[in-house]
Structures are given as C-alpha cells and as structure tokens.
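Remarks on the structure that follows.
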Amino acid sequence: MDDPVFAATEELRAWTVDVPPGKATGLLEQVVSLAKSREIEVLVLRADLVFGLDHLRSALHHARRAFSGGTNSSDSISMETLLYASGERQLSSAIKKMSVSRETRKVLIVQLTAGELAAGTEWAPFLETMGKAPPHRLREFGITDEEIATLGERNPGELVLEKVASVDILKK
C-alpha cells in the first residue's frame, strides 16, 4: 500500500550538524542564503525537538494541505511547516520553541522542496525514526505528564504526531 504522506513529501531531506556554542545562528544564515540562491525552501531547527523523519513528513504534509485548502497561517511553506512541526498554534510560539539560538549545539537542516542543496561535509544525514523518546524530551516539546501516562505500550512518537495534527484544530 502506498503511503500518501510519504508520496507528498518525497523531496524532503534532512541533515544534522554539530556546532560549537554560539555558531548555530551563523549556520542558519548560511543555509538560508544558500537555499534562497537555489530557490529551495528549508528549515533550520533545534535537532533535539524533532522526533524523526515521520515528524518532519507529517508537518510538511499538513503545511501543504493548509496551503491547498487556504487555511495557512503564514506566507511560506517553511514557516507553515515550522508551525506544524512545533505543535503550536501561534507562529511566534513555534519560532521561540523550535528555532536555533546561540545555545543550540545540534542543528537540523530540512530541505522541504525539490532541488540540490549540496550538503556540507559536516552535515550528517538525519535518519532518525520515531523511536522511544525519553520523557524529558517529550516534556520539553510540550507534552504533559498526563499525556505521557496515556501511552501504555504505544510509541512515544505518536504523541508528537498527535501534536502536529492538533495544529489544524488549534488554528480554528
């Protein structure tokens, strides 16, 4: 059976980059400039708040659906994807939560549209799946202890995907 989310996001690529303290925002500027020159949409995020490729694919898929349905909250696919990836209703909250800062040590670069971004030599492919995220990471993402308690044997990543999907409800 074909996966419609995967099919709709097949051009998505992601890499992680370890950066020294204070260098993440400089990397952000370099990547955005490179992507803009190649007419590619990208996101540069804190890697610690992304829970796998399924998290990114779901966010991009929801963002594209918002644009096609006229319910988008931003004017770019990258900002709309950020909104969904964060699980937040407000773009300002999404930026505060997921954007890199001077303290960021691991950056995630996400290519959202087709094109050749030409990954840097220090970029490692992001291949993470929605595995067993530790509770402290889930809490930092905004998942409550009550929500974590409902997991039972389910994959903790499912709570993240629920947060992504809930943005559609929160936007109304």
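The values are calculated or read from the model by the stated rules, or taken from the named source; none is laboratory data. Quantities reported herein were computed from a predicted structural model and do not represent experimental measurements. Here the Cβ positions follow ideal geometry from the backbone for every residue, glycine too, while neighbour counts run over all protein chains shown.
Free of Cβ contacts under 8 Å to residues at least 40 places away in the same chain and surrounded by 15 or more Cβ atoms within 10 Å (Cβ to Cβ): which single residue out of Leu161, Leu138 fits that description? Can you show your working first?
Values: Leu161 fails: free of Cβ contacts under 8 Å to residues at least 40 places away in the same chain.
Of Leu161, Leu138, the one residue that is free of Cβ contacts under 8 Å to residues at least 40 places away in the same chain and surrounded by 15 or more Cβ atoms within 10 Å (Cβ to Cβ) is Leu138.
Tally time: how many residues in segment 146-159 are in a loop (DSSP other than H, G, I, E, B) and out of contact with any Pro (no Cβ under 9 Å at 6 or more places or on another chain)?
Just the residues of segment 146-159 that are in a loop (DSSP other than H, G, I, E, B), to begin with: 150-156.
Next cut, out of contact with any Pro (no Cβ under 9 Å at 6 or more places or on another chain) only: 150-155.
Summing the residues that are in a loop (DSSP other than H, G, I, E, B) and out of contact with any Pro (no Cβ under 9 Å at 6 or more places or on another chain) in segment 146-159 gives 6.
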- [ ] Determine if segment 119-132 includes at least one residue that is among the hydroxyl-bearing types (Ser, Thr, Tyr), within 14 Å of the chain's Cα centre (by Cα) and modelled with pLDDT under 90.
- [x] yes
TODO: Considering each of Ile109, Ile143, Ile95 in turn, give the residue that is β-branched (Val, Ile, Thr), in a helix (DSSP H, G or I), surrounded by 14 or more Cβ atoms within 10 Å (Cβ to Cβ) and at pLDDT 85 or above.
DONE: Ile95
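Filtering segment 62-92 down to residues that are small (Gly, Ala, Ser) and not in a loop (DSSP other than H, G, I, E, B), which residue is nearest to Thr9 (Cα to Cα)?
Pass one, segment 62-92, residues small (Gly, Ala, Ser): 63, 66, 68-70, 73-74, 76, 78, 85-87, 92.
Subsequent filtering for residues that are not in a loop (DSSP other than H, G, I, E, B) retains 63, 66, 68-69, 78, 85-86, 92.
Values: Ala63: 11, Ala66: 14, Ser68: 14, Gly69: 17, Ser78: 13, Ala85: 14, Ser86: 18, Ser92: 25 Å.
Residue satisfying both the conditions and the ranking: Ala63.
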Open item on the list: Could you go through segment 13-33 and let me know if any residue there is surrounded by fewer than 16 Cβ atoms within 10 Å (Cβ to Cβ) and in contact with a Leu (Cβ under 8 Å, 6 or more places away or on another chain).
Closed with: no
Task: Residues of segment 57-83 satisfying the condition of being over 17 Å from Ile143 (Cα atoms), surrounded by 18 or more Cβ atoms within 10 Å (Cβ to Cβ) and in contact (Cβ under 8 Å) with a residue 60 or more places away in the chain - done: Ser58, His62, Ala66
- [ ] Look through Glu116, Glu29 and report the one residue that is part of a helix (DSSP H, G or I) and either on the phi < 0 side of the Ramachandran plot or in contact with a Cys (Cβ under 8 Å, 6 or more places away or on another chain) (or both).
- [x] Glu29
